[in-house]
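Input: a single structure, listed below in structure tokens.
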Amino acid sequence: MIRFSKTLAALLLCGVASLTQAAETAICYNCPPEWADWGTQLKAIADSTGVQVPLDNKNSGQSLAQLVAEKAAPVADVVYYGVTFGLQAQKAGVVGTYKPKGWEQIPEGLKDPEGHWFAIHSGTLGIMVNVDALGGLPVPQSWADLLKPEYKGMVGYLDPSSAFVGYVSAVAINQAMGGTLDNFAPAIDYFQKLAKNAPIVPKQTAYARVLSGELPILVDYDFNAYRARYKDKANVAFVIPKEGSISVPYVMSLVANAPHQANAEKVLDFVLSEQGQALWAKAYLRPVRAMKMPADVAAQFLPDSDYARAGVVDYQHMADVQEAFSARYLSEVK
Amino acid sequence: MKRSSLFIAQLLFTLLVCAFMLVPVLMSLVAGLTRNYFQGVSSGLTFDWIAQVWQAYSPTVWLSLQLAVACAVCVCVIGVPAAYALVRMNNRFSRAFEELMVLPVAMPGLASALALLLTYGQFGSFRSSWLFILVGHVLFTLPFLVRPVMAVMQRQHLPTLEEAAASLGAGPLRRFFSVVVPNCRAGILAGVLMVVTLSLGEFNLTWMLHTPMTKTLPVGLADSYASARLEVASAYTLIFLLMIVPLLVALQAISARLSRGEQR
Amino acid sequence: MSSTVLKAHNVAAGGLLKRRLRPTAAWALAPAAAVLAAFWLLPLAHLIVLGGQQRDGAGSGYWQVLSSPQYLGSLAQTCVLAAVVTLAALLVGGITGVFLARQRFFGRTTLVALLTFPLAFPGVVVGFLVILLAGRQGLFAMLGLKLAGERWVFAYSLAGLFLGYLYFSIPRVILTIMAACESLDRSLEEAAHSLGAGHWRVVCDVIIPGLAPALVSCGAICFATSMGAFGTAFTLGTQLNVTPVAIYNVFTNYANFTVAAALSVVLGALTWAVLLLARRMVKQSRTVL
């Protein structure tokens, strides 16, 4: 009985001890190790500012939901998510304002004037292909190619109703097929046709599955494809479809009533600093501050003529119609 | 002759079920040791992935073990007296209470976690500590201890034993610790085995209750399957297996020895 | 004479004791009741209230759930899947469990251990194991290529989800059945055999009724777990829209907590109703589920 209560006391002490380990940390929601090479970025942040940020693998939607659920006592200090979620977070009142150093260099339209969110880098959507897993078939070059029966069971795209990448895919395809943000019929029509080709629709990044060959063709960002090709040395090709695509920014925000406000500000300053932005460039993302990309990295991108096919959209409008589109997708695309 | 052909058929069926359970696990283990899963075993075997996983995720292993042990202790402290009470009372109220106890299993973990967050989320330091996850685990695993213990208590004809002890002058607490508990050791241990197993693998509740500072092994496993290479995730699964298999085998051996002892 | 007096005294004392024992026993329930009340009932009440709230004038959460064919279809699909998995698990686990409990052969203990450690696997891992078995590069795909020239891929359909749920249900059934077999009365079976009953007759009329309480209780837990399982469906993705995944979808689609809460409460109520029904089926009230 006494031994038992001693063990219980020891366990409780351990619990209390772990509470005091909060020295110089900042919690980030959605800072996954491999995506956008956050692993290197967080290490650089720790080396340069002394703030330790643990990795976290939520996606944009989960991060926002968690922030709203924890509104009474926030756990996170900073959050990284797609631009539409940033806009929604501002509306939900879970983010505070902060203008990091280098604020003036962010172009208009890629930041909230009051500082609720700001873009740190952007990526372009396209088709990521594991060439070896195609089994000799040609690499698809357009959205229409994905509908071809020879790619049956090989095509994947993230769920537009839960992942930001998925929603961006829907918007990009919609735009390419002639639709607008007010008329998603071309996108719904496309997904219904694609459904006949037995696509795989994961709810979270399926990077690993592309590399393992389980999912040979995935609608994903250019930086993931370049990482697969040049860092993980897989035979992966990236294609910006002939009909066109879009680029979207990823943004960061300071969480309202953040537990470690000072550390959070240091983190946000760093990701926007020259050193931080250079790290994004090395990870094959386009930094939001205009800077010269290192020549070797620039050479690994697709030519600019391909990137001319990628446009932009009105992000506020995109955010406003997201919920309605998700509901429509869930009910009409089976 | 007919009996032995039935025996063979049942054995083959059992082996088939075994193959269904184990072949994918073996494939996963091999993937964790292969240099490149897409190329297969021909690309060579390596321990690099395991080293990489251990470096990145070892805190999750310790936290999961800590949680499992704490959960087992808490569930025993709460559950064994509860089982005793439910067996002794055996009326409508006790049956309703049993239903109530099973509800956390019936509701998806996401919902229970959301409910917990909304109700207790404002207590900052409680919410950010591993104790918050412990609460979720205890709620989820409680029926898995109480039920086997109740079953054993009924089999052991406790009322007779207890009345004998009471007639000899033992008070209720003394009766509980010297008559009830020792006679149910096998059931309690079987329940503890189940609780530890479930706690080590609990994902649904923990996923919403955890913070990046209190990440458990299943959550880390899900993370690595999502964002890292298949080899890394498989190596992580290998480490998970190395952790649980000895634990489960040991618990099962003790439980078997105890139940054999009870039948004598 | 003194012994009868002693017996009478004991009987009287026994009656008094019984009355005194019960209130003491109820106190033992206090810790569990406190924990459940504080950490389960209170949050559940919170959730039930949340489901009734309105968001952006779209009607209360419950109204949105109960009036949408999509959500109702998802609830039905989840229910049917859970029921089928439960029956299959009981069948497979029952046969295997009885066999393992009764026979003694070399390697039996190892086999039992190997069959039950998958209990610890989180749903996400089970999902990936299903992909390893039945995905595009899985075992069955390779088999299909060799035998029929085309890959047999069923990981991303309901069949794959069924396999996954079966995977984590079978160990549970085996453990419970093995424990229940210990307390089966062999003499009944021997009596039936000696009266001329064939093997299958004995199984249907003696063994299954003897195991019935364990089967029903285990089936109830399997059903509840399958209804609430999330990790496996989350990993396998695609067109699967079982209710836990629907809850996740709604939850991450701009934090729509009202519909998420309503869906969860309805799912929980449905599961609880089925469990209640199963409980009624067990006639012996003394046997504990």
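The values are calculated or read from the model by the stated rules, or taken from the named source; none is laboratory data. Because the structure is a prediction, the values reported are computed rather than measured. Here Cβ is always computed from backbone atoms with ideal geometry, including for glycine, and neighbour counts include all displayed protein chains.
Inspect segment B:233-240 for any residue being surrounded by fewer than 24 Cβ atoms within 10 Å (Cβ to Cβ), more than 9 Å from chain C (Cβ to nearest Cβ) and more than 16 Å from the chain's Cα centre (by Cα) and give the result as yes or no. Yes; the residues of segment B:233-240 include at least one that is surrounded by fewer than 24 Cβ atoms within 10 Å (Cβ to Cβ), more than 9 Å from chain C (Cβ to nearest Cβ) and more than 16 Å from the chain's Cα centre (by Cα).
Of the residues in segment B:193-213, at least one is buried (at least 18 other Cβ atoms within 10 Å of the Cβ) and over 30 Å from B:Gly121 (Cβ atoms). The single condition from (1) of a type outside the set (Phe, Trp, Tyr); (2) crowded, with 19+ Cβ neighbours inside 10 Å; (3) without any contact (Cβ under 8 Å) to a residue 60 or more places away in the chain that C:Cys222 fails is (3). All conditions but one from (1) in contact (Cβ under 8 Å) with a residue 60 or more places away in the chain; (2) in contact with a Pro (Cβ under 8 Å, 6 or more places away or on another chain); (3) under 25 Å from C:Gly135 (Cα atoms); (4) hydroxyl-bearing (Ser, Thr, Tyr) apply to A:Ser142; the one that does not is (3).
Restricting to segment A:166-186, name every residue that is touching a residue at least 60 places away in the same chain (Cβ under 8 Å) and in contact with a Gly (Cβ under 8 Å, 6 or more places away or on another chain).
If we filter segment A:166-186 for residues that are touching a residue at least 60 places away in the same chain (Cβ under 8 Å), which is where we start, we get A:167-168, A:170-172, A:175-177, A:181-182, A:184.
Of everything in segment A:166-186, those that are touching a residue at least 60 places away in the same chain (Cβ under 8 Å) and in contact with a Gly (Cβ under 8 Å, 6 or more places away or on another chain) turn out to be A:Tyr167, A:Val168, A:Ala172, A:Gln175, A:Ala176.
Results for (1) of a type in the set (Asp, Glu); (2) within 19 Å of A:Tyr98 (Cβ to Cβ); (3) away from chain C (no Cβ under 14 Å); (4) in contact with a strand residue (DSSP E or B) (Cβ under 7 Å, 6 or more places away or on another chain), shown as yes or no for each residue.
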{"site": "A:Gly178", "(1), (2), (3), (4)": "no, no, yes, no"}
{"site": "A:Lys193", "(1), (2), (3), (4)": "no, no, yes, no"}
{"site": "A:Arg229", "(1), (2), (3), (4)": "no, no, yes, yes"}
{"site": "A:Asp232", "(1), (2), (3), (4)": "yes, no, yes, no"}
{"site": "A:Ile246", "(1), (2), (3), (4)": "no, no, yes, yes"}
{"site": "A:Ser253", "(1), (2), (3), (4)": "no, yes, yes, yes"}
{"site": "A:His260", "(1), (2), (3), (4)": "no, yes, yes, yes"}
{"site": "A:Asp269", "(1), (2), (3), (4)": "yes, yes, yes, no"}
{"site": "A:Leu272", "(1), (2), (3), (4)": "no, yes, yes, yes"}
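Note on segment B:180-247: enclosed helices (runs of 4 or more DSSP H) holding 2 or more residues that are in the same structural domain as B:Val75 (by TED's automatic domain parsing) and closer than 30 Å to B:Ser43 by Cα are B:217-227.
Quickly run through segment C:45-69 and pick out the residues that are part of a helix (DSSP H, G or I) and either farther than 26 Å from C:Cys222 by Cα or without any contact (Cβ under 8 Å) to a residue 40 or more places away in the chain (or both). Before you say what the answer is, go through the steps one by one.
We begin by selecting, within segment C:45-69, every residue part of a helix (DSSP H, G or I); these are C:45-51, C:61-66, C:69.
Those that are part of a helix (DSSP H, G or I) and either farther than 26 Å from C:Cys222 by Cα or without any contact (Cβ under 8 Å) to a residue 40 or more places away in the chain (or both): C:Ala45, C:His46, C:Val49, C:Leu50, C:Gly51, C:Gly61, C:Tyr62, C:Trp63, C:Gln64, C:Pro69.
Taking C:Ala45 as the residue in question, decide whether it is outside the structural domain of C:Leu270 (by TED's automatic domain parsing), at pLDDT 90 or above and loosely packed, with under 13 Cβ neighbours inside 10 Å. For C:Ala45, the condition - outside the structural domain of C:Leu270 (by TED's automatic domain parsing), at pLDDT 90 or above and loosely packed, with under 13 Cβ neighbours inside 10 Å - is met. Annotation note: of A:Tyr329, A:Tyr284, the sole residue that is more than 28 Å from A:Leu42 (Cβ to Cβ) and outside any strand (DSSP E or B) is A:Tyr329. Using the structure shown, decide if A:Gly244 is within 29 Å of A:Pro113 (Cα to Cα) and either in contact (Cβ under 8 Å) with a residue 12 or more places away in the chain or assigned by the TED database to the domain that holds A:Ile45 (or both). So A:Gly244 fails the test.
Out of all the residues in segment A:87-94, is one or more more than 14 Å from chain C (Cβ to nearest Cβ) and modelled with pLDDT of 90 or more? Steps first, answer last, please.
Keep residues of segment A:87-94 that are more than 14 Å from chain C (Cβ to nearest Cβ), which gives none.
No - not one qualifying residue is present in segment A:87-94.
Output the residues belonging to segment B:140-171 that are touching a Leu at 6+ places or on another chain (Cβ under 9 Å) and either surrounded by fewer than 16 Cβ atoms within 10 Å (Cβ to Cβ) or not assigned by TED's automatic domain parsing to the domain that holds B:Leu209 (or both). Residue satisfying the conditions is B:Ser167 alone. Evaluation of A:Leu218 against the conditions (1) closer than 16 Å to A:Glu332 by Cβ; (2) crowded, with 24+ Cβ neighbours inside 10 Å; (3) of a type outside the set (D, E, K, R) shows that the sole unmet condition is (1).
As a summary of the residue check, C:Thr110 satisfies the conditions (1) facing chain B (nearest Cβ under 10 Å); (2) more than 30 Å from B:His157 (Cα to Cα); (3) buried (at least 16 other Cβ atoms within 10 Å of the Cβ); (4) within 29 Å of the chain's Cα centre (by Cα) except for the one numbered (3). If the condition is being at the interface with chain B (Cβ under 7 Å from one of its Cβ atoms), of a type in the set (A, V, I, L, M) and touching a residue at least 12 places away in the same chain (Cβ under 8 Å), then segment C:77-107 contributes C:Val92, C:Leu100.
Conditions tested, residue by residue: (1) outside any helix (DSSP H, G or I); (2) modelled with pLDDT of 85 or more; (3) surrounded by 20 or more Cβ atoms within 10 Å (Cβ to Cβ); (4) more than 18 Å from the chain's Cα centre (by Cα).
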| residue | (1), (2), (3), (4) |
| --- | --- |
| C:Leu72 | no, yes, no, yes |
| C:Val80 | no, yes, no, no |
| C:Val85 | no, yes, yes, no |
| C:Gly93 | no, yes, yes, no |
| C:Ile170 | no, yes, yes, no |
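For segment A:189-228, enumerate the residues that are within 19 Å of A:Trp143 (Cα to Cα), within 20 Å of the chain's Cα centre (by Cα), part of a helix (DSSP H, G or I) and among the charged types (D, E, K, R). Correct list: A:Asp222 only. When each of C:Phe140, C:Phe117, C:Phe105 is tested for being at pLDDT below 85 and either more than 22 Å from B:Val245 (Cα to Cα) or outside any helix (DSSP H, G or I) (or both), the lone residue that passes is C:Phe105. Of all residues in segment B:164-181, none that is more than 9 Å from chain C (Cβ to nearest Cβ) has its Cβ atom under 6 Å from the Cβ atom of a residue that is surrounded by fewer than 12 Cβ atoms within 10 Å (Cβ to Cβ) and among the aromatic types (Phe, Trp, Tyr), 6 or more apart or on another chain. The residue of segment C:244-263 that is farthest from A:Ser60 (Cα to Cα), among those that are hydroxyl-bearing (Ser, Thr, Tyr) and touching a Ser or Thr at 6+ places or on another chain (Cβ under 8 Å), is C:Thr258. Listed conditions (1) part of a helix (DSSP H, G or I); (2) in contact (Cβ under 8 Å) with a residue 60 or more places away in the chain are all met by A:Leu302, apart from (1).
C:Gly160 meets each of the listed conditions (1) within 14 Å of chain B (Cβ to nearest Cβ); (2) at pLDDT below 85; (3) outside any loop (DSSP other than H, G, I, E, B) apart from (2).
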